[in-house]
1. Would you check which residues across segment 120-143 are part of a loop (DSSP other than H, G, I, E, B), open to solvent by 30 Å² or more (accessible area, probe 1.4 Å) and touching a strand residue (DSSP E or B) at 6+ places or on another chain (Cβ under 6 Å) and list them?
2. Quick check on Ala50: is it over 24 Å from the mean Cα position of the chain (by Cα), open to solvent by 70 Å² or more (accessible area, probe 1.4 Å) and either hydrophobic (A, V, I, L, M, F, W, C) or modelled with pLDDT under 90 (or both)?
3. Would you say Val90 is open to solvent by less than 40 Å² (accessible area, probe 1.4 Å), among the aliphatic types (A, V, I, L, M) and part of a helix (DSSP H, G or I)?
4. Can you find, within segment 67-78, the residue that is nearest to Leu17 (Cα to Cα) among those that are open to solvent by 40 Å² or more (accessible area, probe 1.4 Å) and in contact (Cβ under 8 Å) with a residue 40 or more places away in the chain?
5. Can you tell me which residue among Val81, Val118, Val90 is under 17 Å from Cys142 (Cα atoms), modelled with pLDDT under 95 and of a type in the set (Val, Ile, Thr)?
6. Take the residues in segment 93-110 that are assigned to a helix (DSSP H, G or I) and among the hydrophobic types (A, V, I, L, M, F, W, C), then tell me which one is most open to solvent (accessible area, probe 1.4 Å).
7. Tally up the residues in segment 144-167 that are touching a Ser or Thr at 6+ places or on another chain (Cβ under 6 Å) and assigned to a loop (DSSP other than H, G, I, E, B), please.
8. Quickly run through segment 9-18 and pick out the residues that are farther than 12 Å from Val69 by Cα and either out of contact with any helix residue (DSSP H, G or I) (no Cβ under 9 Å at 6 or more places or on another chain) or surrounded by fewer than 20 Cβ atoms within 10 Å (Cβ to Cβ) (or both).
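The values are calculated or read from the model by the stated rules, or taken from the named source; none is laboratory data. No experiment lies behind these values; they were computed from the predicted model shown. Cβ placement follows ideal geometry from the backbone for every residue including glycine, while neighbour counts extend to all protein chains displayed. Note: areas computed on protein heavy atoms with side chains; ligands, DNA, RNA excluded. Shrake-Rupley method; radii C 1.70, N 1.55, O 1.52, S 1.80 Å.
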Amino acid sequence: MKIHTDADAAIAQAAKLDSAYILPSLLAKAAAALADVRAVLADRHDVTGADTAPYGEDALAGRILEAVVRSARRASTTRPVDPIELLGAVARAAAERLGVPVAPVEGPTGDNPAHGYVILPRQSETPPWGPSGEAPLLVKLCRYDHGRGPEPWEWTIAPDVPGGTIDGLEVAGPPPCLDVAAEVGALAAEALTGTVTLRRR
C-alpha cells in the first residue's frame, strides 16, 4: 500500500498487527473509511486524532480495519466464485509481476467446486522452503464447510510441503474476483522473490 495520507499510514500500521496479509485494495478501503470517520468525529464532535491516538497508536484504525476485513469476508459468502478461473489469473499475474513465463507445477485444479489450488515453480531468488529447501509455492482458494451455513472464501499462500506447514499466509481481501486474483498473483510473485516473508508470526 502506498502511503499518501495519515489515514493510509495508520491503517498500514494497524495491518502489521494482523496475522493475515491484507491486500492493498482492502487497506485502501479501510483508509478511506478511517478518513471519513475521523472527519465526522472532528466536524460534529470536536474529537481529533490526538484524542483517538493519545499514545501514538491509533486504536480507531485497528477497529476500522477489523470491521472492513469482516465485511469483506461476509460479502464473499454470497458471491459465485470459480476457483479454477481465479487461480489461473493468479498464475498469469505472478508471471506478469516476475517478468518471466511461469508454468504451474500443478493446476489450477481442485478437489471439488469449493477447493482449488495452483502450485507455482520456484524462482532463482526464492528462499529455502520445506525440509529440502526446494518446495514450490502453493496458492489455495477454498471455502470450508463447518456446518454453519455459507462460509467465506479464503486465500492461502504457503510452501507446498508434505503434510502442510505453519509457514504460510492467510490472505484477506475483497470478495474473490479477477482483480483480487491479480493482487494475490502479485503477492505470490513477491513471496517467490523473497520480498514478502511467508511466516507472519
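1. Across segment 120-143, the qualifying residue is only Gly130.
2. So Ala50 passes the test.
3. In short, yes.
4. Per the stated criteria, the residue is Arg73.
5. Exactly one residue qualifies, and that residue is Val81.
6. Of everything passing the filter in segment 93-110, Leu98 is most open to solvent (accessible area, probe 1.4 Å).
7. Qualifying residue count, segment 144-167: 3.
8. Scanning segment 9-18 gives Ala9, Ala12, Gln13, Lys16, Leu17.
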